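Taking it in order: structure first as structure tokens, then the write-up.
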Amino acid sequence: DTAVSQTPKYLVTQMGNDKSIKCEQNLGHDTMYWYKQDSKKFLKIMFSYNNKELIINETVPNRFSPKSPDKAHLNLHINSLELGDSAVYFCASSQEGREAFFGQGTRLTVV
Amino acid sequence: QQQVKQSPQSLIVQKGGISIINCAYENTAFDYFPWYQQFPGKGPALLIAIRPDVSEKKEGRFTISFNKSAKQFSLHIMDSQPGDSATYFCAASRADYKLSFGAGTTVTVRA
């Protein structure tokens with residue numbers, strides 16, 4: 001019973017393509033997040049949704065667009081992928097913004 | 001701008017030794033301080049957390065010490081084991097649901 005699951009685990013794509021990463025949580029949490037982890041392992045928040053409403057939108061290129069169809073799902077769509085987008089993307093969820101539970105990550109490689 | 005500063009970047013400890021990781025913050029709006037453990041290829045997993053009205057919290061071999069006046073907190077791993085070899089992240093959150101992470105410390109426990 002995976003608490004936070006994201007797909008795919010690996011994604012290799014060419015520059016200029018559009019791709020999506022999907023995330024689902026079965027913990028009943030009210031808040032979901034997307035984090036980006038770079039090659040130095042630094043975790044940076046990108047977006048957060050609370051009850052399907054966008055509450056955090058960090059300085060992220062507008063090629064990145066999150067979508068939350070319901071409380072349990074948060075997807076990330078990326079347009080016109082660039083080499084610098086290569087990273088590991090983590091979905092997470094929490095209840096009232098406290099303990100965050102992370103998915104296993106999606107390693108995105110842009111070639 | 002990193003809101004939580006973490007040190008050291010890496011440390012090596014002998015089996016049975018004590019690992020100590022330090023973090024500092026500036027924003028007094030932070031009111032919840034979790035630590036996460038991340039193994040290669042996995043997502044960060046919540047290890048232990050503390051609120052600023054408590055000076056110390058212990059769970060098994062892991063202890064958080066918190067100094068509110070100095071705006072510092074630390075993780076002590078007692079009797080370190082090879083299985084503790086991982087990257088550890090301190091974090092801080094506040095009521096607006098934003099969870100900010102330190103840069104991470106890679107701990108290597110030598111048998």
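The values are calculated or read from the model by the stated rules, or taken from the named source; none is laboratory data. Note that the structure is a prediction, hence the values are computed from the model and not measured. Glycine also receives a Cβ, built like all others from the backbone with ideal geometry; neighbour counts cover every protein chain displayed.
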Quiz item: Is it true that some residue in the stretch B:62-84 is more than 26 Å from A:PHE90 (Cα to Cα), aliphatic (A, V, I, L, M) and assigned to a loop (DSSP other than H, G, I, E, B)?
Solution: yes
Quiz prompt | Residue, surrounded by the fewest Cβ atoms within 10 Å (Cβ to Cβ), within the stretch B:57-107, restricted to residues that are among the hydroxyl-bearing types (Ser, Thr, Tyr) and within 14 Å of chain A (Cβ to nearest Cβ) | solution = B:THR106
Practice problem: Kindly list the number of the only condition in (1) more than 12 Å from the chain's Cα centre (by Cα); (2) among the polar types (S, T, N, Q); (3) under 30 Å from B:THR105 (Cβ atoms) that fails for A:SER48. | Solution: (1)
Self-check item: Conditions (1) more than 12 Å from the chain's Cα centre (by Cα); (2) at pLDDT below 95; (3) within 11 Å of another protein chain (Cβ to nearest Cβ); number of the one not met by A:MET32
Solution: (1)
Practice problem: Could you tell me whether B:PHE39 is within 15 Å of the chain's Cα centre (by Cα) and within 13 Å of another protein chain (Cβ to nearest Cβ)? | Solution: yes
Exercise. Return the residue satisfying two criteria in turn: it lies in the stretch B:3-36 and is more than 10 Å from the chain's Cα centre (by Cα) and aliphatic (A, V, I, L, M), and of such residues it is surrounded by the most Cβ atoms within 10 Å (Cβ to Cβ).
Key: B:VAL4
Practice problem: Quick one: B:ASN22 ticks every box in (1) on the phi > 0 side of the Ramachandran plot; (2) in a strand (DSSP E or B) except a single one, so which number is it? | Solution: (1)
Quiz item: Restricting attention to the stretch A:47-68, does a residue exist that is surrounded by 19 or more Cβ atoms within 10 Å (Cβ to Cβ) and basic (Lys, Arg)?
Solution: no
Self-check item: Which numbered condition A:GLN37 fails, given (1) more than 11 Å from chain B (Cβ to nearest Cβ); (2) under 16 Å from A:ALA92 (Cβ atoms); (3) within 11 Å of the chain's Cα centre (by Cα); (4) of a type outside the set (Val, Ile, Thr)
Solution: (1)
